[in-house]
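Here, each number is a calculation from the coordinates, and none is a lab measurement. Here the structure is a predicted model, which is why all the values come from computation and not from measurement. Note: ideal-geometry Cβ built from the backbone for every residue, glycine included; neighbour counts use all protein chains shown.
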Amino acid sequence: MIDTISILNEIKQAPYKEITISAPHSGRIEFAVDQIGTRVKGASGTWFERPGTLLARLVREGNPKPVYAPENGEVVKFHDVNDREFVQAGTPLMTIRHFLTKQEVMDIILKKALHLFNAPEKGRYYFVAEIDAKIKSQGLRSVSVKEGDEVLILSRMKRETTIPYHGPQGIIYTSYFNSNESVEMGAPLFGVCPEDQVKDIKAVIDKIQSGWEEQE
Amino acid sequence: MDKVRIVRHPQRVCLKDILENVYDNYTEIGGQGEYSIDPSMIIARAYITRNVGKKTYKQPVMVIGQEKGHGEEFRNGGSVKPWGNAKALEYMKVAETENIPIHSYIFTPGSYPVEDYPGAAQQIARNIYAMAGIKVPVVAVISEGGSGGAEAIGLADTRIMLSHGYYSVISPEGAAAIEGRSSASRKASGKLVENCARQLKITARDNLEMGYVDRIVQEPPLGARPDHFEFYRKLRQEVILATDEIILSIRGVKLFRAIALRKLNNPKIYVRWSLSTKSKERLVWRRYQKYRGLSRWAFEDSSTGFQRFKNFALETGWSIYSFLRYEFFGRHQRAITHLAEDVQGEVHALMDRVTHRFSSLFKKLPGVKKDREDVCQLTTLSTWEAGMSWNEHCRYVSPQANQDKTLTCPNSRKSNCLDLWAPDLFGDFAGVCSHCGHHFPMEYEWYLFNIFDSRSIREFNAPIEASNPLEFDGLTHKLDKAKKQTGHKSACMTFEAKIKGIQVVVAMLLARFRGGSVGAAEGEKFIRAAEQARRKHMPFLAYVHGTAGIRIQEGTNGLLQMPRCTLSVRRYLESGGLYLVVYDTNSYAGPLASFLGCSPYQFAIRSANIGFAGPGVIRETTGLDIPPNYHKSFQALSRGHIQGIWDRREIRNNLHHALMTMGGEFLYYR
Amino acid sequence: MKKHKVLIANRGEIAIRILRACQDLGQDFVCVYTREDAQSEHCTEALKHGGEDSLYRISSYQDPNEIFAVADHSQATAVHPGYGFFAEDFRFARRVVQRSRKLEFIGPSWKIIQDLGDKINTKRLARQLNVPTIPGSDRPIFDDLEAEEVARSLFNFQIEQGIEQPVILVKASAGGGGMGIEEVNDPDRFRNVLRKVKNYARRQFRDEGVLIEQRIFDFNHLEVQILADSHGNVVHFGTRNCTVQSTGRQKRIEVAPGFDPSAVSYAFDAGKVLNDVIEYSVHMAQNVGYNSIGTWEWIVSPTGKPFLMEVNTRIQVENGVSAIIARIEDMEVDLIREQIRIGLGEKMDFDQGSIKFEGVGIEYRILAEDPGNAFTPWVGRIEKFSWPEHPWLRMHTHIPRDRVYDIPTEFDPNLALGIVWGKNLKEAQKRGLTFLNQLTLQGRNNMGENLKSNISYLKEKTDSLLVF
Ligand SMILES: [Zn+2]
């Protein structure tokens, strides 16, 4: 089993992720944020209808197109681009340090600690009927799987195939897919935790829940 | 400002108090405290007993009104939800069936602006439309008359106002918020609110002077409270008198004279409150005339005496012509036509048989074949009439197309739309994103050129001019600017035009003129357009290029256009006209909640926003967070508020199609 | 010739050919590329011959705004659209010449692109000039009765022509690319099919108009290569035969000239058909004031009747196969170079008389695809791609040979064009097979499977080229 405590400590060392903001297209850049340390906000509102902080405008063909901050965070670096300079598409403009939220930290820990069962092919997935029924009545963590169990149905091009599970025996701790949406090949479908480790993982999650301080 | 405070005071008299004290007994319909479809609207069947001589009469009335409930939370401050107004309408119709008068009591700061079915605006429109033709006397008593909420039950034959009440196009706070929009602070200062309230002329005396209420009931100096029994006595007297008067004024002339003279001296005389069929018609006609005559001083008409005479002569001429053409001759002609059609059908069938036999013979002749081939032109150039090409109508070039720049489609994130070059977008695509179909706003001139047949537009009543009847600060200047900018004298342009040869009368609200807001001038022009359509027996099209609502700076002069215009639309529809409404960009508030929303055929252009109040107002008044697509036309269609959505590039075809399918041969007149 | 800087608004092999032609003419150039396409050789070539300032990364080849932003920043004075992307987009061509910072568009004037881009308009132009077109209607028909009348006479017409099982096509007039086309072989079923197409057209294109045309079976696909300048000169560079196509009408082999009566026998006078289509094409080009390179596409029925299909107002992929058989003053021709010269306003410095044709050219389009499985594209990494040089071989490709290359999935799947020349059809076919046999193309995908290519399919088709 992966040592979740040390992962958590590791995250605590640098409790953020860095996001590089690049020019989405060509044009002349006009920075709206120009100080290192500026706090920025991501999109907000019930429907994310309010855009994030305006970072820059990229003027192309007389059209000043806004570049907004994708997440909350702080500007930590400006790349080597001068204000009002022409930039090519994809040119890095600045880096934002985004402090991890509780949810994000939990996701990271779980993705490392659990055995991830990945999509063998691109397509839409759903649980087989018995498992689905069990999940609906007793919740996700009631389902135990072992090597070779038929757990999922892959629906692709109007054909359905059952997908057997490969990996260690355990319970389905969390699932990452939505049966309405197509999953890319290689993307995680669900995470499995051996039964004897459920307690440990729970403890870590509880610790994050109570102890993690979200930074802005 | 004192007035507003008095009216909103939790101790102010409310509808329940009035039911208890003005009427002799009552039964509340469809509500028990908070158990009601909408506790802010109450309905009651009440009666008034009158002792005349030795006889006692019970006179039933339908009482309808908003209930503020002395600040009870669930009453929502008298702000009625759409379904509350629907309930009111239902019982107005019951009153009509039962042939009893309606007493409505207005205690509302405004309607609750949600779009859930039946929709704030559409339901108010339905109410006003129904009241425009309801065949029982309606007496309205106004304590707090806020905007559309008041109009929903306020179209009455007699309007009585409480001396400390207010009647206004918008709450003074709302007006201040709009007026003070430019200032930095979001909350309007008390001074500005007071100033707005004074300028909007919202008091009972102001409204009496302007002619929008008929009488005032005096209240005690600090306003009526539940224990002011003297006030109830006065109010009771007034509503009885008002009802009597309405009835008397429409009874047969002889009766009126004889009784009215006596009655004026002796209020004890009993008047029966039910109406005969003839009287009902007179009642509705009188109501129409009453509102038709209101607010006529609140706009300017710069046409010369000669023009006016000419117009009058023309109108009379058209009336006579239409009478002869449609009423007199038309009826006979239709009979003849029907006969002719039958005969024609027979002849056709006969001829078909003959020619068929003949043509099969014909085909066998050598040399004839070649001709036939040429008719179909399988290998040679065919003739293609120029008129069939759509481009014929694309000669207008939008000024927006003359800029070398690109625009970003608002859906670009979702649909991956590329930026559009202005000359392509506005010159070729009619302002429609070529990737996702989003419609950018186009200026109204585009429609003039692309919907109507070329050179078929004849504007009329252009000299009627928007003015500043309340001398509201700054409005005159703003209007002058708008007039200069647009070259129009009001936000409503009325004209006759043809759509693929079909003659129509159009009233167009221009978004560029003060947001397409409707004041006394716009209302008057709209009414005259409806009258013209009726007189000339043409379909009537309201093309809403955009409207922000009633022009608030005109106060009740603007608000009154809601019932006024609706009455004229109803008159047009009842005489057999076809009334279509097309919403283009953003259409909100008063006009939608009355003369536009009452049309049975309302269509929206894709990307139009349609609703009662904008997102900001909804958030402020209800505290609800509404999704960004709340007012989109597709939502309006799903909620049943409109009847269809059109693509801008197709309006001309769709309008023509609609005119042909809904009107058909006898389109303009039954 | 005035000094210009040509922005090459394209990718792959055509970008390389345009870049080379610019160099030949002593003109500057600037190239663009996208993230997925960074490994393409056109980027390497641009950097090699033009330095760092001649290559710009853009977000998409399809976004005209990116092209203009780069054009203005790089001070380009002309745009070459290549083929695909903006080549036949009259709005793009119009914007090039109407924006405030104007550029030269290397191609026909936008009005011509618009006129000839409209199939109905092209058909009517042709009929005006008595150029044969596919029998049927030449304007959208809205009226059901009229449509039935046309359909009926079209069936009769075919019977008169001796066709035993006549078939007609009902097409949405606003459609294109094979959308909204239905077939009718029974006159009684016509009304049903008409309804279906009209409904589809109304939903899809907001336009109910239909075209009704004869369906021609087993035809050969011929092309006439036209070159015209803005000074009224029109010449042709002979014909091509593009009949070898994969599913979905994708060309795989082109041969110039279009027929070879000296080596193959035809059921009709093939030489006359070639002359006729050339004459019609030149006549039409002259009449519409054509002023660039362009292709008149024809179909020829098994009885030798030609019908004009459409006009492609662009340089085509297969221009090289026409160039390889043409000589001006004994020199091989580069049609792209001529297109650029004309596009920059130069006068043609030769006439039809100075163009001589020699031998036969065959162009092979090499793709990673599975001909055995409906030509499904194969995606993966190319590890080895090589061929021996020959004096009779011209290879055009953007695949690097000095490193592995991952085939991007975003674009047209062409890998390379191999054009061979022979003094007659037989020699050309022999050299073609030699070329295909010597070609090495290897690779693997994620699952470790070997690259699938169409080489064996091309070999198989070589024997029967130009046989009708
Ligand atoms: Zn769009």
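Quick look at the values:
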| quantity | calculated |
| --- | --- |
| Shielding by partners, peptide C:120-130 (average Cβ within 10 angstrom, other chains) | 2 |
| Directionally averaged projected area (convex hull, Cα atoms, the stretch C:5-106), nm² | 5.6 |
| Peptide-level mean, for A:21-32, of C-beta atoms on other protein chains within 10 Å | 3 |
| Rounded tilt (10° steps) of C:119-128 against the dominant C-alpha axis of chain C | 70 |
| Sum of side-chain charges, A:Gly167 neighbourhood, beta-carbon under 11 Å (Lys, Arg +1; Asp, Glu -1) | -1 |
| The stretch C:286-291 - phi-based ³J(HN,Hα) in whole Hz, Karplus 6.51/-1.76/1.60, Gly and Pro as x | 4, 6, 8, x, 4, 9 |
| Cα-based Lys proximity count in the stretch C:220-462, under 17 Å, for pairs eight or more positions apart or on separate chains | 9 |
| Phi to ³J(HN,Hα) by Karplus 6.51 cos²θ - 1.76 cosθ + 1.60 over the stretch C:440-448, Hz, x for Gly, Pro | 10, 9, 10, x, 9, 10, 3, 7, x |
| Cβ-based charge dipole, the stretch B:2-292, positive-most Cα from B:Pro101, B:Ser143, B:Tyr26 | B:Pro101 |
| The stretch B:196-239: projected area of the alpha-carbon convex hull, averaged over directions, in nm² | 3.8 |
| Rounded D (µm²/s) - the stretch B:2-292, Kirkwood Rh over Cα pairs, Stokes-Einstein at 25 °C, 0.890 mPa s | 126 |
| Cα-Cα pairs of the stretch B:86-163 separated by more than 22 Å (percent) | 19 |
| For the stretch C:135-214, Kirkwood radius (reciprocal of mean inverse C-alpha pair distance, Å) | 12.4 |
| Chain B: DSSP helices with Cα axial extent of at least 30 Å and average Kyte-Doolittle hydropathy no lower than -0.5 | B:229-250 |
| Peptides ranked, highest mean first, by Cβ atoms within 10 Å: ranges C:251-260, B:26-35, A:146-155 | C:251-260, A:146-155, B:26-35 |
| Extreme residue, positive dipole direction of the stretch C:5-106, given options C:Tyr56, C:Ser40, C:Ile67 (C-beta unit charges) | C:Ile67 |
| Cα centroid separation, the stretch C:162-191 to the stretch C:203-264 (Å) | 20 |
| Centre separation in Å (Cα based) which lies between the stretch C:41-82 and the stretch A:2-43 | 31 |
| Under 21 Å from the Cα of C:Lys196 - lysines, other chains or at least 8 residues apart | C:Lys171 |
| Cα-based Rg / Dmax (Å) for the stretch C:401-460 | 14.3, 45 |
| Debye, to nearest 20: dipole size of chain C, +1 on Lys, Arg Cβ, -1 on Asp, Glu Cβ | 640 |
| Alpha-carbon Rg with Dmax, taken over chain B, Å | 28.6, 106 |
| Cα centroid separation - the stretch B:403-427 against the stretch C:413-468, whole Å | 44 |
| Virtual spin-label span in nm between C:Asn287 and A:Asn9, 7 Å along Cα→Cβ | 8.8 |
| For chain B, calculated [θ]222 nm from helices alone, where every DSSP H run of n ≥ 4 adds -39500 (n - 2.57) | -12500 deg cm²/dmol |
| Over 18 Å [Cα-Cα, the stretch B:36-97], rounded percent | 47 |
| Three-way shape call for the stretch C:56-125 based on the alpha-carbon gyration tensor, with the a/c threshold at 1.5 | prolate |
| Cα gyration tensor, the stretch C:75-218 - rounded (a/c under 1.5), prolate or oblate | prolate |
| For chain A: Kirkwood Rh in Å [reciprocal of mean 1/r, alpha carbons] | 20.3 |
| Cβ crowding within 10 Å averaged over residues, with B:158-168, B:399-409, B:589-599, B:631-641 ranked highest first | B:589-599, B:158-168, B:631-641, B:399-409 |
| Per residue, the convex hull volume that the Cα atoms of the stretch B:424-532 enclose (Å³) | 125 |
| Calculated SAXS-style log₁₀ I(q)/I(0) at q = 0.05, 0.06 Å⁻¹ - the protein assembly as shown, Debye, Cα scatterers | -0.56, -0.79 |
| Fully extended contour minus Cα-Cα distance, from C:Thr440 to C:Arg401, at 0.36 nm per residue | 12.9 nm |
| Measure of compaction for the stretch C:355-424 (Cα Rg per 2.2 N^0.38 Å) | 1.33 |
| Cα gyration tensor, the stretch C:427-468 - rounded (a/c under 1.5), prolate or oblate | oblate |
| Computed over the stretch B:1-111, the ratio Rg/Rh where both radii use C-alpha atoms and Rh is Kirkwood | 1.01 |
| Debye-sum result for the stretch A:39-136 in log10 I(q)/I(0), which assumes one identical scatterer on each alpha carbon, at q = 0.20 Å⁻¹ | -1.09 |
| Per residue Cα convex hull volume in Å³ - calculated over chain C | 160 |
| Sparse-neighbourhood loop sites, trypsin sites (Lys or Arg not before Pro) in the stretch B:270-322 - DSSP loop, at most 16 other Cβ within 10 angstrom | B:Arg272, B:Arg296 |
